[in-house]
Amino acid sequence: MTDDVVYLDYAATSALRPEAVTEAVVRYLRDVGATPGRAGHRRAVEAGRIVLRCRRALAALFNIPGDPGRVTLHLNATHALNAALFGLLRPGDRVVRTEYDHNAVRRPVLALSQRGVQAVVIEGDAHGGISMFEVEHALKGARLLVIPHANNVIGNVLPVADLAERAHAAGALVLVDAAQSAGHLPVDVQRMGIDLLAFTGHKGLLGPQGTGGLWIREGIELPPTYFGGTGGDSDSPDMPALLPDRLEAGSMNGPGIAGLLAGVEWLLERGMDAVARHEYGLRTRLWNALDEIPGVRMHSPAGLDLAGIVTITIDGIDSSEAALRLDREFGVLVRAGQHCAPESHEILGTGATGALRFSIGWATTDAEIGRAAAAVRHLAETKAGARG
Ligand SMILES: Cc1ncc(COP(=O)(O)O)c(C=O)c1O
């Protein structure tokens with residue numbers, strides 16, 4: 001589809017990608033085609049090289065020290081988070097999470113708590129804050145703190161380094177869900193004190209769907225949670241002892257990984273600070289433009305340290321209907337509903353109604369922000385007119 005739309009749903013997926021990403025996928029399918037690690041012939045070897053380059057590029061982006069083989073590749077952030085949570089936690093362990101979590105954390109933690117893991121949930125607030133007192137109290141005796149770097153509804157960024165320091169002081173590991181921050185904001189595992197980093201490929205990292213991964217700090221033993229062929233150690237009934245093979249059962253998504261590599265290289269070339277500045281500037285402009293419109297309720301806060309997400313409701317219009325009209329009448333593509341994060345909507349008071357989420361990405365322009373705001377104004381005004 002090459003229609004004239006304003007795409008503002010990057011928090012779901014970066015549907016617009018640099019041309020280099022598409023070219024890399026096509027090149028892989030046309031010129032490589034084989035599966036990494038599944039043969040010794042030249043095509044499989046070339047596939048393996050691309051996968052290694054991708055691990056290295058991700059390590060560079062996240063300032064990961066040491067062996068890039070500790071960056072394991074999975075289908076998405078959800079699989080990576082499940083691998084970490086089910087691999088680490090045993091009955092009797094205590095895990096601390098927050099109300100800012102996506103269902104990709106909330107649901108596996110609930111499933112684990114039904115198997116004897118003790119789960120503590122830290123409350124959030126409408127400004128995206130968190131009580132450090134509550135966190136410290138909850139962390140006593142905990143094995144793991146799991147936090148989103150950026151929330152996908154409010155757009156707040158959690159103070160990861162500060163939280164990690166407190167978690168480590170309590171003897172807990174820190175798992176960060178970077179699905180909404182990787183490729184949008186700088187992520188530095190060393191500076192932020194992260195022990196395990198889960199990320200997705202199809203959002204800020206600009207790769208295709210079916211890509212994502214998990215980094216596991218040196219010294220942490222993460223047992224596999226799914227089992228199968230890895231292309232090596234075939235005579236052993238057990239999964240290989242070493243990463244990445246230990247956690248990567250089954251044939252890999254070669255074309256997807258080639259695209260992810262191109263996306264990460266694009267980000268490295270542009271520089272994460274520049275990407276974040278671009279998106280933050282447009283986020284502020286969008287927030288201000290929507291805030292001026294009578295009948296629009298702002299649900300995500302203004303201010304510093306926010307991801308490129310603005311969530312609103314429009315008085316008198318159901319959010320799903322508003323999203324449909326924005327698409328049909330104005331070509332503005334956004335996402336309505338609960339965004340797989342019902343607790344965040346409870347915090348905002350939009351649990352029953354859902355809300356409209358605008359999310360910004362690498363290709364968003366100033367003109368598009370203007371067009372989206374004008375479309376919302378039209379909806380809000382015509383609705384007010386119809387009521388009056
Ligand atoms: C904060 C957060 N975590 C996890 C996920 C899940 O990502 P994936 O679709 O790659 O599994 C999302 C996706 O929306 C998200 O926003």
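The values are calculated or read from the model by the stated rules, or taken from the named source; none is laboratory data. Just so we're clear, the structure is a prediction, and the values are computed from it rather than from any experiment. Quick reminder, even Gly has a Cβ in these numbers, built from the backbone with ideal geometry, and neighbours come from all protein chains shown.
Kindly evaluate Leu29 against the criterion of being away from the ligand (no atom under 16 Å from the Cβ), more than 21 Å from Pro244 (Cβ to Cβ) and in contact with a helix residue (DSSP H, G or I) (Cβ under 7 Å, 6 or more places away or on another chain). Yes; evaluated as a whole, the condition is true for this residue. The C-beta contact set for region 359-371 (first residue in contact (Cβ under 8 Å) with a residue 60 or more places away in the chain, second residue of a type in the set (S, T, N, Q), distance under 8 angstrom, 6+ apart or interchain) comprises Gly361/Ser14; Trp362/Ser14.
Within region 1-19, the set of residues being buried (at least 16 other Cβ atoms within 10 Å of the Cβ) and over 21 Å from the mean Cα position of the chain (by Cα) comprises Val5, Val6. What about Thr313, is it away from the ligand (no atom under 16 Å from the Cβ), β-branched (Val, Ile, Thr) and crowded, with 22+ Cβ neighbours inside 10 Å? Answer is yes for this residue. Number of residues in region 268-302 that are of a type in the set (Gly, Ala, Ser), in contact (Cβ under 8 Å) with a residue 60 or more places away in the chain and over 16 Å from Ala375 (Cβ atoms): the value is 2. Considering each residue of region 96-114, count those that are under 19 Å from Leu173 (Cβ atoms) and more than 16 Å from the ligand (Cβ to nearest atom), and give that number. Within region 96-114, residues that are under 19 Å from Leu173 (Cβ atoms) and more than 16 Å from the ligand (Cβ to nearest atom) number 3.
Residues in region 173-205 that are within 13 Å of the ligand (Cβ to nearest atom), in contact (Cβ under 8 Å) with a residue 40 or more places away in the chain and touching a helix residue (DSSP H, G or I) at 6+ places or on another chain (Cβ under 7 Å): Leu175, Asp177, Ala179, Gly183, His184, Leu185, Leu197, Ala198, Phe199, Thr200, Gly201, Leu205.
Residues of region 349-378 that are modelled with pLDDT under 85 and either part of a strand (DSSP E or B) or surrounded by 21 or more Cβ atoms within 10 Å (Cβ to Cβ) (or both): Thr350 alone. The residues on offer are Asn82, Asn76, and the sole one that is surrounded by 20 or more Cβ atoms within 10 Å (Cβ to Cβ) and closer than 17 Å to Leu222 by Cβ is Asn82.
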